Amino acid sequence: MEKDFSNFPSNGILPKKETGALSFLSKYPDYDGKGVLIAILDTGVDPGASGLKISSDGKPKIVDLIDATGAGNVDISTIRKIENGTLLGLTGRKLKVPKDWKNPSGNFYLGLKALFDLCSKSLRDRLKKERKDREWQPLNDEAVYQIQTRLNEFDKSSKESDSSESSKKTDFTDLINSLTKEDLQAQLDLLKDLENKIKDVGPVYDCIVWNDGDTWRSCVDTTEKGDLEKCKVLTNYKDSFEYATFGYTDMLNYSVRILPEENLLEIVTDSSSHGTHVASIATGYYPDNPELNGVAPGAQIISIKIGDNRVNGMETGFALVNACRYVAEYKCDLVNYSFGEPVCLSNLGPALTAVQDLVEKFGVIFVTSAGNNGPGIETVGAPGGSIPTVVSVAAYVTTDMIKAEHSLLGSGNSMLFSWSSRGPCIDGSWGVSVAAPGGAFAAVPNWSQRGTQLMSGTSMASPNCCGCLALILCGLKLTGIEFNPFGVKRAIENTALPVDEAIGCGAGLIQVEKAFDYLVDYKDSIFQKINFDIRYVGKPNNKKGIYLKNDDELSQTRDYLIAIEPIFFENTTRSYLVNESAKSDTNLLKVQQDRISLNRKLVLSLEDGDALKSFIDYPEHLYLVNSTRQFHIRIRANELEGGKHYFTCLKAFDLEDPKRACLFKVPITIIKPFTFDDKKTLNDYEIEYKNVSFKQGQIYRHFIRAPLAATHAELVLKTDQDGSNRDHAPLFFIQTFTLENFRTPTDEAVEEIYRLNLSNEFKLKFKVQSNKIFQVTIAKNWSNIGNCSASYKIRLNGLYAQNGHEFCAMSSQPYRIDIGSYLRSEECEPSVSYKHIIQPLRPHEYQIEKVKPSMGIIKPIYQLILSYNFHQLKKSKSGEVGCEVPFLSNFLYENEFQSIFWMMYESNSKKMVLSGDAFPIVYKYNKTIDKGDYIIRLFVRHEKIESLEKLKETSLYLRHSISTVSQDVYSSQVNVMRGSGKKASLEKIQKNNSKSYFLQPISDDKLPKGATNGQFLSGEISFFKDSAASKVDNYKILYQINNHGKKVEKHGSKKTDSNEHKSKSDEEKLKETLRDTQVSYVQKIDSLFETVRNEYPDHVPVYLNRIQFLEKKNLTLKKDESEKILQNLNEIINLTKTALDKINQDAILKFLGQKNHESDEEKKEFDHQKSWVIELLACQGAALIEKQLIEIHGNNDSEEIRKIEITDEIQLVYKCIQKFIDINDDKVSKFVLKLFLHLKLFGKALKVLFKQLEEKPGTKTIDQSILNVLREMSLRHAFNYHESNIAMKYQSKFVTL
């Protein structure tokens, strides 16, 4: 039989059928979202992406593109005018300004920006690879080939020369040949390592802004050659709807916002493909291919980027607050926010308050993703789980999606995705409003080199729901029905299709037509204007529902006082701009009248909780007026069966409403954990579940209170041995974590997805906390179609440290740890390892400034900037550097402060090298940095100056990764005091016994180099031998470093001098002090030299200081003052000769050639003399080269490196230096570098320059010298890269938020 290939499940590409969106548009084709403005708060939207050009009514799809993060900001405070027909850009390029550019003032505002700073990580990685393959590697390989050929020819020529009897060799030719070969080898070595020396910072563009008399305009030099005629001129996107592309290689589209009053050009790009995909799901429009349309093809969007490129697309608090301000200013109808993070506090920080204000004061319907952290409960994050008035959306997978998007075997059922987050939240609310399809093929940015892409997540469910709401709002607007966020949310919740447990899908799958009809039917209902603030009156505060899981709540019958307060929507801000007065708003009068008239009879009913109805008592009636009403709910939790969890809610209905639409609900969650009976034997600390049936998406959750002294558990999962109930290899999704009252993002759940075959079993060990509830969730994954049965058991283990859960050892004394085993006998083998050293930094400077106000009317925002200095000793091979602020880290949405953001810069160049935000460890903002001085600037924002003032001395922790440092553990205090003997080894601790272990202080030679007082090591301590157990069952340990003075030397090891105790008299000391003071002023005062030389004719430092004076003087002379320069060079040469004659060089060489020196004082004296000789020779050689350059080439301003010849004098200096020091030593680099450069020995010259740059990073003159050498070597690829490096490296000011 021939198959029917025409029946493709097209609805699964971008699902619209199951929500009723398709049928709604079929019934109301004009209600396609036109007239509705959606703000996409995400990673940015590509204006060139397919389906996002126009809406169904022909209007531009994207109303504006805004970057709220600050990552695209370009400082344009530098003002220049055209000179000699060109404009000098900040990159150093000469920009050719087109003649048709109008600029009455003649002022051009200049900035620069690196393309990589505007790219997503994936695009940046692609471009780096392509640039290496196309622009770097071929040219570098060719250069290597050329140098290798020259080296081979040189070797061949040298051998022929050596075999020729007629060849006459001299010292000069030997030196030249030696240097030539060394240079060729140096060039070869350099080219092979050049990629590590010169980093690819990507294209660097000059940015130009000007006013043509009417409009501010901008241009980015994407040619990188100053040919502005070929570059597109842009103005603000909202005024022109124009954008440009940086290049055909990157295909990255950008738009601009010009903010002249702030001296800023905002270049707007996206930080990932996420935002474009989200926008396409909600509103994409494909007139030629309607099945690819988004849910609301007629709606328009404004893209507000909150995913910061500087922190890998992560959202920040200040970006969200900025975004909310723009949403209010543009009077958006809807917001889609497919972002969110875990929270550990139920309070609302400034970011969440801004979102709440958008909804409750500005009437914006805020739609957000519930999160992808399921299937365990308590996994909904913020803002969806923190603000009851937002619409939080779970991810649903339909049968068509299973077929079209995922091409799975078999016919699967529609359901929630296994990973979709579940409630309740920590405040008792369920955190999920409705569900929507959580996947789609939708448009992605052009730079991704794709048209559409499949993505799945609640990030996709949220815009699907948002598009559904746009259809509804469009219908309401066209029919003249008023709406507000409270009424719309109530409508979609009352009409949703229940598809799963309420803690996962909320009210159910959103239904467009039913919700629209509800809003039409209830358009005159007073309840459509009311949100009910539900509070549990008790401790802790801020509870939005009843959530019982603590012993005192579960062990007795208790009454819980619930407060219900009606909050009326004051529709005053939609009719006027932000900061305008609302005194004359007629809507306010209507709201006041509604408040007065509110008198309703409500019926209360416990819904969807049959298992709880006999254990909960509640009043059945409530008379509602415009005031807070309170009532009690009695729960007999002590009578509930243990080892189970219960979810229900108490719903309120209007007695006069025949349709019984729910007005509000009080969520009730009870976790009655399984507890172990203390009377059981030790072997009973194990729970087993046999022959458990699983179908597609089936979830089993187990809540267990860990017994006292339990520290980890093991899950063992296997299928039935005979396999009779199994039709395939099942795929399990397993998740475990402790239910903490204050869980932070660092308390990550343990998650595993594992396919289980007949012949194997799955084992998973995970951490538990003594006497706390942990959750074990086992689900058959949503994608695993079919049925199976499995058995599993959970076993508790524990080695319990009586010291607590965090340890702090010190270098001053041994540290004792007492470990007990109380569940069963356990094998113990303690181990301690440290992988980080923490360097606490105190701020050296702070300032508080006023920044742009947030949305609203009055409140300004202030910013605290703290500056910290540190020195990186060397580039670590093993580790990276990162920052954290212990007092402020790991809080984002619930943070009291609006923003926590830090940036690290090179001190000399002000180049930003690293940045991070509130989650320093989870998101790993780390980087390997070079040796040098650095500044870290911490930015904190708040509306109160006094709150910021309290933070002005906040410490910052600089975290360095290090090679693992182990700490010795002994089982005997005597052994640890001796520092010898048998160390702790594997040993069984019997049940109900404990054993003491002792950590020996770490010896100085094992500590990281440069570790100093006040720093501490950070690591882990574990007690189990088993690697799987020690990986999860470990604890944080700190090791305080306290160095108490210098290391003691062995008696008799220090050599003494027979004259050591003959100290100088006070008169001798005074004479030396006076002499040294006079000598030090020789390099500052011209006339002083002759006087001091006459008094101390044999004191070499007199001559050295005079030479330094002359060298500095030459630097101040102009090129045309060559006679004065030559005069000074001749004097330097003569001074070095005079000074060298006063030193017995042979005596120095003879002394240093001896293996043993009896006198330290004598060795010290000869070392002084050696250093003088080296410095004098270097000065003499450098002066000889400078003199020859002037005599041969004169005053030449060309950047070309001029060539010299090796004279006998230069050759003599070179050989003399070799007697005392390696010719490549930094002490003679001033001579050697000049010699190599002007002999055109560029390989050896670059070797010296790169070494100098490593020692003195951020020195522009060295970087410029490297650039000149690369030009001379015709290494175009390296020259271009390094030119871009210099342009970005040396900034006039710090980049800020």
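The values are calculated or read from the model by the stated rules, or taken from the named source; none is laboratory data. Predicted model, so just to flag it, every value in this text is computed and none were measured. Don't worry about glycine lacking a Cβ; one is built from the backbone with ideal geometry, like all the others, and counts go over all protein chains shown. Keep in mind that these areas ignore ligands, DNA and RNA; they rest on the heavy atoms of the full protein, side chains included. Shrake-Rupley method; radii C 1.70, N 1.55, O 1.52, S 1.80 Å.
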Assess whether Tyr925 counts as being part of a strand (DSSP E or B), aromatic (Phe, Trp, Tyr) and within 33 Å of the chain's Cα centre (by Cα).
no
Glu242 passes all but one of (1) within 29 Å of Leu1246 (Cα to Cα); (2) open to solvent by 10 Å² or more (accessible area, probe 1.4 Å); (3) touching a Leu at 6+ places or on another chain (Cβ under 7 Å); which number fails?
(1)
Which residue is nearest to Leu52 (Cα to Cα), if the candidates are limited to segment 314-324 and must be open to solvent by less than 10 Å² (accessible area, probe 1.4 Å) and of a type outside the set (A, V, I, L, M, F, W, C)?
Glu315
Taking into account only those residues within segment 902-921 that are of a type in the set (A, V, I, L, M, F, W, C) and open to solvent by 30 Å² or more (accessible area, probe 1.4 Å), which is farthest from Glu1254 (Cα to Cα)?
Ile921
Among Asn84, Asn7, Asn73, Asn11, which is the only one that is among the polar types (S, T, N, Q) and within 30 Å of Val311 (Cβ to Cβ)?
Asn73
So which residues in segment 800-818 are over 17 Å from Asn975 (Cβ atoms), of a type in the set (A, V, I, L, M) and open to solvent by less than 60 Å² (accessible area, probe 1.4 Å)?
Ala801
Hits in segment 49-84 (condition: polar (S, T, N, Q), in a strand (DSSP E or B) and under 28 Å from the mean Cα position of the chain (by Cα)):
Asn73
Requiring at least 3 residues that are touching a residue at least 60 places away in the same chain (Cβ under 8 Å), touching a strand residue (DSSP E or B) at 6+ places or on another chain (Cβ under 6 Å) and crowded, with 16+ Cβ neighbours inside 10 Å, the strands (runs of 3 or more DSSP E) wholly within segment 85-136 are 108-114
Count of segment 977-1009 residues which are of a type in the set (Asp, Glu) and without any contact (Cβ under 8 Å) to a residue 12 or more places away in the chain
1
Mind checking which strands (runs of 3 or more DSSP E) fall wholly inside segment 937-1052 and carry at least 1 residues that are within 30 Å of Ile819 (Cβ to Cβ), of a type in the set (Ser, Thr, Tyr) and open to solvent by less than 50 Å² (accessible area, probe 1.4 Å)?
956-967, 993-999, 1016-1022, 1034-1040
Among the residues of segment 440-460, are any without any contact (Cβ under 8 Å) to a residue 40 or more places away in the chain and either part of a loop (DSSP other than H, G, I, E, B) or at negative phi (or both)?
yes
Which one is farthest from the chain's Cα centre (by Cα), of the residues in segment 601-617 that are at pLDDT below 95 and within 24 Å of Phe527 (Cβ to Cβ)?
Ser605
Residues within segment 14-48 that are in a loop (DSSP other than H, G, I, E, B) and of a type in the set (Gly, Ala, Ser), tallied:
5
Hits in segment 21-44 - residues which are open to solvent by less than 10 Å² (accessible area, probe 1.4 Å) and either of a type in the set (Gly, Ala, Ser) or under 38 Å from the mean Cα position of the chain (by Cα) (or both)
Ala21, Gly33, Val36, Ile38, Ala39, Ile40, Leu41, Asp42, Thr43, Gly44
Checking the structure you have, find out if any residue of segment 402-420 is farther than 27 Å from Asp533 by Cα, surrounded by fewer than 24 Cβ atoms within 10 Å (Cβ to Cβ) and of a type in the set (D, E, K, R).
yes
Quick check on segment 621-654: of everything there that is open to solvent by 90 Å² or more (accessible area, probe 1.4 Å) and modelled with pLDDT of 95 or more, which residue is farthest from Ile699 (Cα to Cα)?
Tyr623
Would you check which residues across segment 924-936 are surrounded by fewer than 17 Cβ atoms within 10 Å (Cβ to Cβ) and closer than 13 Å to Cys883 by Cα and list them?
Lys924, Lys927, Thr928
Of the residues in segment 693-715 that are open to solvent by 20 Å² or more (accessible area, probe 1.4 Å) and of a type in the set (A, V, I, L, M), the one that is nearest to Thr399 (Cα to Cα) is Ile699
Looking at (1) open to solvent by less than 10 Å² (accessible area, probe 1.4 Å); (2) of a type outside the set (Asp, Glu); (3) farther than 25 Å from Thr738 by Cα; (4) under 25 Å from the mean Cα position of the chain (by Cα), can you tell me which one Ala443 breaks?
(4)
Evaluate segment 1285-1295: report whether one residue or more is free of Cβ contacts under 8 Å to residues at least 24 places away in the same chain, over 21 Å from Gly1181 (Cα atoms) and in contact with a helix residue (DSSP H, G or I) (Cβ under 6 Å, 6 or more places away or on another chain).
no
Please go through segment 278-295 and pick out each residue that is assigned to a loop (DSSP other than H, G, I, E, B) and either open to solvent by 10 Å² or more (accessible area, probe 1.4 Å) or in contact with a strand residue (DSSP E or B) (Cβ under 8 Å, 6 or more places away or on another chain) (or both).
Gly284, Tyr285, Tyr286, Pro287, Asp288, Asn289, Asn293, Gly294
Qualifying positions in segment 296-312 - open to solvent by 10 Å² or more (accessible area, probe 1.4 Å) and of a type in the set (D, E, K, R):
Arg310
Condition met for Lys767 (open to solvent by 10 Å² or more (accessible area, probe 1.4 Å), in contact (Cβ under 8 Å) with a residue 12 or more places away in the chain and of a type in the set (Lys, Arg))
yes
How many residues of segment 858-903 are part of a strand (DSSP E or B) and modelled with pLDDT of 85 or more? The answer is 20
Identify the residue in segment 211-225 that is in contact (Cβ under 8 Å) with a residue 12 or more places away in the chain and in a loop (DSSP other than H, G, I, E, B) and, among all such residues, is surrounded by the most Cβ atoms within 10 Å (Cβ to Cβ).
Asp221
When residues of segment 479-523 are filtered for being charged (D, E, K, R), under 37 Å from the mean Cα position of the chain (by Cα) and not in a loop (DSSP other than H, G, I, E, B), how many remain?
2
For residues in segment 226-256 being free of Cβ contacts under 8 Å to residues at least 40 places away in the same chain and assigned to a strand (DSSP E or B), which is farthest from Ala114 (Cα to Cα)?
Leu234
Return yes when Asn531 is at pLDDT 90 or above, surrounded by 18 or more Cβ atoms within 10 Å (Cβ to Cβ) and not hydroxyl-bearing (Ser, Thr, Tyr) and no when it is not.
yes
